[in-house]
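K.L.:
Take this structure first; my questions come after.
Read-outs: derived from the displayed coordinates by stated rules, not from any lab. Quick caveat, the model's predicted, so the values are computed rather than measured. FYI the Cβ positions are ideal-geometry reconstructions off the backbone, even for glycines, and counts take in every protein chain you see.
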Amino acid sequence: MFKEIGLDQPPSTLNEVIEVAKELSKYDKKGNLIRAGFTMQPSGQHHHWLREVLVRQFGGVPYTSDNKTVLYDKTGAGSDVLQWYVDRIVKDNIGFPNFLNDDVTAFQSNMAAMTIDGSFRLGTLDANKSLDYGVAELPEYNGIKSNFASFWAHGITTNATGEKLEASIKFLKYITSPKAMELWLKNTGELPANPEIASKYYDDPKYGPFLKGLEYAHATFFADEKAQREVLMNAIDEVYLKGISAAEAWKKAAGTEQKVLDEFWNK
Amino acid sequence: MVFSLAMSFTDWNLLSKDVHFTGFDNFVKIFSDEVFLKALWNTIKYVIFGVPSVILLSLLIAMMLNRIRKFQWLFRLLYVMPYITPLVAVSWVWRWLYQPPPMGVLNNILLNLNMPTQQFLSSTEQALISIVVTTVWIQLGYCIVIFLAGLQTIPSEYIEAARIDGASRRQITWKITVPLLKPITLFLVIMQSISFLRIFTQVYNMSVQGSGGPLNSTKPLVLYIYEKAFVNFDMGLASSASLVLFGLIMVITFIQMKFLNEKSD
């Protein structure tokens with residue numbers, strides 16, 4: 001698709017991304033979007049993008065460093081972030097939530113030019129032979145680079161004893177071995193935790209941008225990821241579907257998310 | 001049920017070993033939760049929109065099918081198909097039918113008819129109705145078969161006698177057929193009300209990430225209970241909400257039995 005408009009490099013700033021997305025969006029005679037320039041899917045990775053990337057690029061901070069207080073409504077450009085996001089849906093019409101059901105389906109079926117997703121999607125995308133795609137780091141804005149990353153850890157419960165404990169230690173040793181990590185990476189795309197193995201892929205065209213993005217990434221402390229995701233999805237829906245002002249929706253989102261955090265910390 | 005009743009007065013959480021008696025705290029909590037109130041109202045809306053539509057439509061179709069002599073079995077089979085198809089599959093097919101252009105079949109039909117496209121499941125106003133339509137379509141088969149069975153038990157002598165007395169088709173329908181179907185109608189109204197009050201699978205599969213959205217506009221009580229119990233592991237709260245649903249089902253069923261029974265007496 002980039003070749004259609006004579007691009008040989010992916011856009012690297014946010015404004016460039018949006019300009020390219022506008023050029024690559026296609027509409028039918030009635031003005032209905034039939035190919036999205038950019039997926040706008042808050043239920044996918046976009047709520048992370050909004051929270052940890054756009055908020056910071058608009059000069060804000062999402063939470064206090066102890067993760068107990070929501071700050072995105074009180075710092076930086078506040079609700080401008082939300083307004084900016086909804087404007088891309090309403091004013092630019094480069095994509096909208098649930099276009100072609102979801103961002104992954106749209107991108108996989110060549111109906112969306114650009115999307116934001118995690119490295120864990122690479123396995124799925126690579127399995128689709130008709131898809132010709134590349135990976136780039138997230139676009140920067142106002143000279144700020146930011147990224148969201150999540151990680152998970154293996155553990156053994158206190159209930160494991162005797163033979164079971166021995167077996168689980170054996171399994172843990174295997175699953176964290178270099179061999180298992182490389183297998184895992186090749187099949188799913190999830191990045192290895194062992195820096196030595198990770199460094200081997202630092203310049204890989206697909207894994208490389210994800211690894212480089214980790215250098216400036218933030219991990220959100222989720223008290224209840226589903227509830228916190230829905231807070232941002234709902235804020236976008238309120239502005240996009242209900243016409244409520246971004247300022248009001250953003251304030252309400254911060255209030256609701258604060259309640260979720262309070263409930264967790266006051267337990 | 002007794003266990004759930006007891007648990008609704010506790011703070012039982014799957015993640016902690018301690019259970020404390022908390023009195024009516026859970027009930028206070030859910031009735032001050034705007035999502036719960038919205039889910040309660042949505043559940044009632046599913047019944048109000050769904051039950052009359054499915055009963056009227058199925059009665060109408062059953063009466064038409066009853067007149068057909070050839071290939072009645074084929075039509076009966078066709079109408080039952082949605083009911084015997086797995087609900088998850090049906091929900092996903094409808095979810096895709098409702099998609100915006102270029103993918104959604106319904107919107108493409110609208111486009112070809114030169115009519116404005118609709119948001120369906122993405123709209124807070126249309127999403128609940130869209131799910132009701134799907135559910136009515138599923139339930140039709142079951143109700144039609146039951147109504148057909150009922151129609152075939154009506155002795156043909158009654159109809160013939162009425163015809164000889166000069167009754168019109170409409171009179172036969174309203175004065176003979178419909179009153180004689182009353183017990184079956186009562187049965188179906190109650191069964192359908194219960195099934196709409198317990199609606200879950202369609203909503204879970206037809207809303208984004210099973211959230212009952214957009215903006216909770218389609219979230220029924222059962223989904224609320226499911227989220228509290230199996231996402232937040234707050235079993236106490238989920239038990240209280242279940243108790244409210246149980247009460248609602250009982251009250252609605254009781255009213256229907258009383259109302260429809262009196263009329264048939």
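K.L.:
Rounded to the nearest 5, what % of DSSP beta bridges with both residues in the protein assembly as shown are antiparallel?
P.N.:
Antiparallel bridges: around 55 percent, rounded to the nearest 5.
K.L.:
Here's another thing I want to ask about it. Could you identify which residue out of B:Gln152, B:Gln118, B:Gln126 has the top mean-square fluctuation in a GNM of chain B using Cα springs shorter than 10 Å?
P.N.:
Greatest mean-square fluctuation among the candidates belongs to B:Gln152.
K.L.:
Could I ask something else about it? For A:Gly60, which sequence-distant residues (separation of 5 or more, or a different chain) have an amide H within less than 5 Å of its own amide H, given hydrogens modelled in the peptide plane?
P.N.:
A:Ala77
K.L.:
Straight-line reach from A:Lys30: which lysines fall under 18 Å, measuring Cα to Cα and dropping same-chain residues less than 8 apart?
P.N.:
In chain and number order, the partners are A:Lys22, A:Lys91.
K.L.:
In addition: Hey, with R₀ at 60 Å, roughly what FRET efficiency would B:Gln72 and B:Phe24 work out to, going by the Cβ-Cβ distance, to 0.05?
P.N.:
Working from the Cβ atoms, E equals 0.60.
K.L.:
Let me ask something else about it. Given points 7 Å out from each Cα along the Cα-Cβ axis, report the A:Lys30 to A:Glu248 separation in nanometres with one decimal.
P.N.:
Taking the two extended label points, one gets 3.0 nm.
K.L.:
Something else about it: Choose one of B:Leu110, B:Val2, B:Thr43: the residue whose Cα lies farthest towards the positive end of the charge dipole of the stretch B:1-123 (beta-carbon charges +1 Lys, Arg; -1 Asp, Glu; about the Cα centre).
P.N.:
B:Leu110
K.L.:
Between B:Arg198 and B:Gln126, what FRET efficiency comes out of the Förster formula 1/(1 + (r/R0)^6) with R0 = 30 Å and r the beta carbon distance, rounded to 0.05? Each step should come with its number before you reach the end.
P.N.:
On the way: r = 23 Å, r/R0 = 0.75.
Between B:Gln126 and B:Arg198 the formula returns 0.85.
K.L.:
So, one more: Please report the relative contact order for the stretch B:118-226, taking Cα pairs under 8 Å with a sequence separation of at least 6, and give it as a percent rounded to a whole number.
P.N.:
RCO, the stretch B:118-226: 33 percent.
K.L.:
If you don't mind, there's one more thing I want to ask. Using alpha-carbon pairs under 8 Å, 6+ residues apart, how would you state the relative contact order of chain A in percent?
P.N.:
Working: 360 pairs, mean separation 61.6, N = 267.
Computed value for chain A: 23 percent relative contact order.
K.L.:
Would you order A:Trp84, A:Trp250 from fewest to most other beta-carbon atoms within 10 Å of each residue's own beta-carbon?
P.N.:
Working: A:Trp84 18, A:Trp250 23.
Ranking A:Trp84, A:Trp250 by Cβ neighbours within 10 Å, fewest first, gives A:Trp84, A:Trp250.
K.L.:
In addition: What order, most packed first, do the peptides B:223-233, B:17-27 have when packing is the mean number of other Cβ atoms within 10 Å of each residue?
P.N.:
B:223-233, B:17-27
K.L.:
Next question. For the stretch B:59-193, what is the charge dipole size about the Cα centre, in debye to the nearest 20, if Lys and Arg each add +1 at the Cβ and Asp and Glu each add -1 at the Cβ?
P.N.:
With only Lys, Arg, Asp and Glu charged at Cβ, the dipole is about 320 debye.
K.L.:
Sticking with this one: Using Cα atoms only, what is the angle between the long axis of helix B:34-67 and the major principal axis of chain B, expressed in degrees (0 to 90) to the nearest 10?
P.N.:
The angle comes out at about 20 degrees.
K.L.:
Among B:Trp41, A:Trp49, rank each residue by its count of other Cβ atoms within 10 Å, from fewest to most, as a rough exposure measure.
P.N.:
Ascending Cβ contact count within 10 Å gives the list B:Trp41, A:Trp49.
K.L.:
Given the rule -39500 (n - 2.57) for each run of at least 4 DSSP H residues, summed and divided by the residues of the protein assembly as shown, what is its mean residue ellipticity at 222 nm, to the nearest 500 deg cm²/dmol? Could the numbers behind the result be given before it?
P.N.:
On the way: 22 runs with 285 residues, N = 532.
Value at 222 nm, helices only: -17000 deg cm²/dmol.
K.L.:
Give me the percent relative contact order of the stretch A:129-253, please, defined on Cα pairs under 8 angstrom at least 6 residues apart. Provide the component values of the computation, followed by the final result.
P.N.:
On the way: 87 pairs, mean separation 35.7, N = 125.
29 percent.
K.L.:
For the Cα atoms of chain B, what angle does the longest principal axis make with the long axis of helix B:182-197, in degrees from 0 to 90, nearest 10?
P.N.:
Compared with the principal axis, the helix lies near 30 degrees.
K.L.:
I would also like to ask the following. Magnitude of the Cβ-charge dipole of the stretch B:2-264, K/R +1 and D/E -1, about the Cα centre, nearest 20 debye?
P.N.:
In total the dipole reaches around 1000 debye.
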